[in-house]
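Data first, discussion second: the structure below is written as structure tokens.
The values are calculated or read from the model by the stated rules, or taken from the named source; none is laboratory data. If you're wondering where the values come from, they're calculated on a predicted model, not measured in any experiment. No Cβ is skipped: glycine too gets one built from the backbone with ideal geometry, and neighbour counts run over all protein chains shown. To get the accessible areas, we keep the full protein, side chains included, count just its heavy atoms, and leave off ligands, DNA and RNA. Shrake-Rupley method; radii C 1.70, N 1.55, O 1.52, S 1.80 Å.
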Amino acid sequence: MKFYLEEISAVFSEIKSSAEGLTTAEAESRLAQNGKNKLAEAKKDSLLKRFVAQLMDPMIIILLVAAAISGVLAVYEKEFPTDVIIILTVVIINAVLGVYQESKAEAAIEALQEMSAATTKTLRDGKIVSVKSEDLVVGDVVLLEAGDAVPADCRIFECASMKIEEAALTGESVPVGKIIDTLMGNEKNEVPLGDRKNMLYMGSIVVYGRGKAVVVATGMDTEMGKIADAIANAEEGQTPLQIKLSQLSKILTYLVIGICVFIFGFSLISDYMNGMKIGFESILNIFMIAVSLAVAAIPEGLAAVVTIVLSIGVTNMSKKNAIIRKLTAVETLGCAQIICSDKTGTLTQNKMTVVDHFGSDEKALATAMALCTDAEIDENGAVIGEPTEAALVNYANSLSLNKNALKTQFPRIGEAPFDSMRKMMSTVHDNGNGFVQYTKGAPDEILKKCVSAVIDGEIVALTDEIKAKILVDNKRMADKALRVLACAYRLYDATPESFEPADLEENLIFIGLTGMIDPVRPEVKAAIEECRSAGITPIMITGDHRDTAVAIAMELGIIDDASHAITGAQLSEMSDEEFAEKVTSIFVYARVQPEHKTRIVNAWRAKGFVTAMTGDGVNDAPSIKSADIGVGMGITGTDVTKNVADMVLADDNFATIVSAVSEGRRIYDNIRKAIQFLLGSNLSEVLSIFFATLLRFTILKPPHLLFINLVTDCFPALALGMEKPEHGIMNRKPRSTKDGIFSGGLGFDVFYQGVLVTALTLAAYFIGEFMQTGHWQFTGISLENGAEGMTMAFLTMSMCEIFHSFNMRSQRGSVFAMGFKGSHNTFLYLAMVASLILTTAVIEVPFLQNAFDFAPIGWDEYAVAMGLAFSVIPIVEIVKLFQRLASKKKN
């Protein structure tokens, strides 16, 4: 059926539905039969394909080549291919872990997408309910208003000045006005897609008005679904940090290949110069030394660790009501310097109650206010709708003026919906004798449209004296931090010819004012104080009267003087140059228009400040996109703002933004700790292999290094990612977005700590050889010569890195002080115990000992190795102490 050519009754008949919608049972049945209202997604890679992708890493390929050469060497020497088995086992375990980690990160992102999934108001069992858009079925009746995304293809049957943005489907940038009338087709009985004014299509957006429509197509049956067989979800881009790390890994890979070639060539030339025979076996051994260096130098787990820490972090943030939609927001949050926040619902509770009024006829005022709302009373007597409008309906109810009864007495026949530019809305009703229009909105805007006023039951001209008296009462309420709305009316003998705002909203008669309280959120004041200590400036933006805004801002501690507040009108009068000079001294903006928000964001950003901006309405989307961190509202926010936001607040609470900033700082700190730990560990392995090669002895072999990288590197690095926030994390200034990976002295720390662990490892080798032979010797790799030193070096390096991971809990703070403050990292302790057990097992269990070419060591040697390993903690603590003292002197 071409639904746009049919009467609505025929449409309902065809899809077996009605204006009351479907029953829940019928909707569930149709969903089970026809599937979800979703476009086809790109197929995910199979587990096998993911596993193979893990093996395609250049370093893994080098390891596989090494395993093959080791196998050839074993066959040549008629030995059991122990090295081959160890290398292949480690490679397989590493690949399996990589697939698991990738799947876990993907699952975390999918869970977040599920949490932020779009919902739609629909009629089920005759009641208005909110369901996931993907659960809509043909026959569902949906209720749409400005800011909503159209969830499926629908036929309109109720329309109040509704305009739709259809650019995604038709390319037409100008919003299209919609109607409910049946259309006439051309000679082919067709109507072009862009001209189907009684239809709504998936992918379009309601930008004005409201309406009801019945779903006629879902999922791939929609016009959007017909465009392509599969429309894949946009892939999550890498964060700046991940990009930098990918670049670093590439540089390291090329560097290592160069060093390996150098070592291979150096060893061959050295052997030749010393008169040694260059044969097949010696070439293979030299190659294995070069491979050892490659294995040592590449921090294989670095990218995976960063991704996992990010994904776990955003999952934790979602549990605290901050749903991250883009991973880049996690990094940017830690840099936030300015937070521009809406007042209503974010700084306040959005629980409105009318507590004051101005006007000679309170019942007439309450009637007008209740009728000029879209809030409704459900069958249980509860008021549902936008909080401000719900407060007005409750206000009328308190005067025995039930909204449902008023609707029956004065049925609505037309309206001009609210928008933030006009700051008002109008409804037109049949009053039995003619027609009455009620208009409510901002007092100053309503007064501009009035020519008369109701005073003591009589209609009189709106003189300057009367207007002044109204404004005095308006200020009286605003000074008490009340949100003030005005209401007016207009009478008609016949139905208005046009329901356009410009035609309706003139020659009005003023009725009165209502003042409602919206209490501040109790946790916000503490959050504002935390912002101050963290070097973050909170900015309040509101459409309310300046006096109301100032009163609330002073209560919350955003300002201490009214001179820091201006109105949107004052902002409009400022040139860009003047505003650029004054922006840093303005912290409250009242009576703003949506375009003002974008200007405020751009002014702060132009001065180099990292800026966050909250928004909920359809007109807030540009400012949210302009901000470094766009924050959408999960409760009151429209689909449009949620879709462009970097982060969505599930509870619409300002304190949640501050909590997210703290969590963002913690995540970034922990990633830097993991980077410092992994790079320092790998540097120590590289230097150990390098110096040992120059001194012509083998300190560690590829299987040893693989074990260290898998066990004593990755798991502590992940555990560091779980570290709790350091004390005072919100008492320091935001970090600069220009800071690189090695900023803040991290590069120096990686270098000296890598050198330190190298020195301890080499010392362990020499001591092990001395304790075995009674004199110093630098020998080869066989069990008879050098195995004792190799075993000591392995144990020392393994445990040194485990102990060093405790140093990494803070770049500058003392690990002992952290322990005394009760800040324990259980994951790190578990990693230490597991590593100690596994390392000891490899050394002491006979078949593992033989597989790794280790020699048995006594308790005295074990104690020496553990003592050398543990010494990394006090040595780094001493360096940290001097670094803290130097930092104090600098400050």
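Overview of values
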{"item": "Extension reserve of the Ala886-Thr353 stretch, reckoned as 0.36 nm per residue once the Cα distance is removed", "result": "186.2 nm"}
{"item": "Between the stretch 697-766 and the stretch 577-619, the alpha-carbon center distance in angstrom", "result": "41 Å"}
{"item": "Segment Lys475-Val129, length gained on full extension (0.36 nm per residue, minus Cα span)", "result": "120.6 nm"}
{"item": "Span per principal axis, largest first, for the Cα atoms of the stretch 604-686 (Å)", "result": "56, 30, 20"}
{"item": "Nearby lysines by direct alpha-carbon distance to Lys188 (threshold 28 angstrom, same-chain neighbours under 8 apart not counted)", "result": "Lys2, Lys16, Lys163, Lys178, Lys197, Lys226"}
{"item": "Under-5 Å amide H pairs with Phe157, H placed in peptide plane, nonlocal only", "result": "Lys212, Ala213, Val214"}
{"item": "Cβ charges +1 (Lys, Arg) and -1 (Asp, Glu), total dipole of the stretch 382-440, debye", "result": "80 debye"}
{"item": "Principal axis dimensions, the stretch 371-477 - Cα atoms, whole angstrom, descending", "result": "46, 33, 29"}
{"item": "Accessible area of Asp479 in the full protein assembly, 1.4 Å probe (Å², nearest 10)", "result": "80 Å²"}
{"item": "Size-normalised alpha-carbon gyration radius of the stretch 687-742, reference 2.2 N^0.38 Å", "result": "1.83"}
{"item": "Residue among Asn653, Met574, Gly543 farthest towards the positive dipole end of the stretch 525-668, charges placed on Cβ", "result": "Asn653"}
{"item": "Distance violations [Cα-Cα > 21 Å] among Lys320/Lys673; Lys407/Lys449; Lys326/Lys642; Lys127/Lys407; Lys351/Lys480", "result": "Lys320/Lys673; Lys407/Lys449"}
{"item": "Note, ³J(HN,Hα) from phi for the stretch 340-356, Karplus 6.51, -1.76, 1.60, rounded to Hz, x at Gly and Pro", "result": "8, 10, 5, 7, 5, x, 9, 8, 10, 7, 6, 10, 7, 9, 6, 10, 7"}
{"item": "The stretch 652-811 shape via C-alpha gyration tensor axes, a/c threshold 1.5", "result": "prolate"}
{"item": "Within the accessible area of the chain (1.4 Å probe), percent carbon and sulfur", "result": "59 percent"}
{"item": "Residue order for Glu723, Glu500 - accessible surface, 1.4 angstrom probe, largest first", "result": "Glu500, Glu723"}
{"item": "Total charge dipole magnitude, the chain, about the Cα centre, Cβ charges on Lys, Arg, Asp, Glu only, Debye to nearest 20", "result": "2180 debye"}
{"item": "Convex hull volume per residue for the stretch 403-442, taking Cα atoms only, in Å³", "result": "67 Å³"}
{"item": "Solvent-accessible heavy-atom area per residue, rounded to whole Å², over the chain at 1.4 Å", "result": "43 Å²"}
{"item": "Per-residue HN-Hα couplings for the stretch 572-582 [Karplus 6.51, -1.76, 1.60; θ = phi - 60°; Hz; x = Gly/Pro]", "result": "4, 6, 7, 6, 4, 5, 5, 5, 4, 6, 9"}
{"item": "Spatially proximal aspartates and glutamates relative to Lys448 (Cα-Cα < 17 Å; intrachain offsets below 8 disregarded)", "result": "Asp419, Asp464, Glu465, Asp473, Asp503, Glu505, Glu506, Asp544"}
{"item": "Exposure rank, largest accessible area first [Ser623, Ser420; 1.4 Å]", "result": "Ser420, Ser623"}
{"item": "Calculated on alpha-carbon atoms, Rg and Dmax of the stretch 131-193 in Å", "result": "13.3, 40"}
{"item": "Accessible surface of Arg696 - all protein chains present, 1.4 Å probe, nearest 10 Å²", "result": "100 Å²"}
{"item": "Selected from Asn321, Ala405, Gly211, residue furthest toward positive end of dipole (the chain; charges at beta carbon)", "result": "Asn321"}
{"item": "Where a label projected 7 Å from the Cα of Glu500 along Cα→Cβ would reach, residues of the stretch 425-457 with amide N under 19 Å", "result": "425-428, 449"}
{"item": "Over the stretch 839-891, equivalent-ellipsoid semi-axes from the Cα gyration tensor in Å", "result": "40, 11, 6"}
{"item": "Heavy-atom SASA rank of Val879, Val436, Val72 (probe 1.4 Å, accessible area, largest first)", "result": "Val72, Val879, Val436"}
{"item": "Size of the chain as Cα extents on the principal axes (Å, biggest first)", "result": "116, 71, 48"}
{"item": "Pairwise label distance in nanometres, Glu376 with Ser563, each label 7 Å out on the Cα-Cβ vector", "result": "5.2 nm"}
{"item": "Computed accessible area, Lys625, all protein chains, 1.4 angstrom probe, square angstrom", "result": "140 Å²"}
{"item": "Span-rule helices in the chain, defined as complete DSSP H runs reaching 20 Å or more along the axis (Cα) with Kyte mean at least 0.0", "result": "58-77, 82-115, 240-273, 280-297, 302-319, 654-694, 746-773, 787-807, 826-844, 872-890"}
{"item": "Dipole axis of the chain (+1 Lys, Arg; -1 Asp, Glu on Cβ), positive-most option in Ile767, Asn433, Val757", "result": "Ile767"}
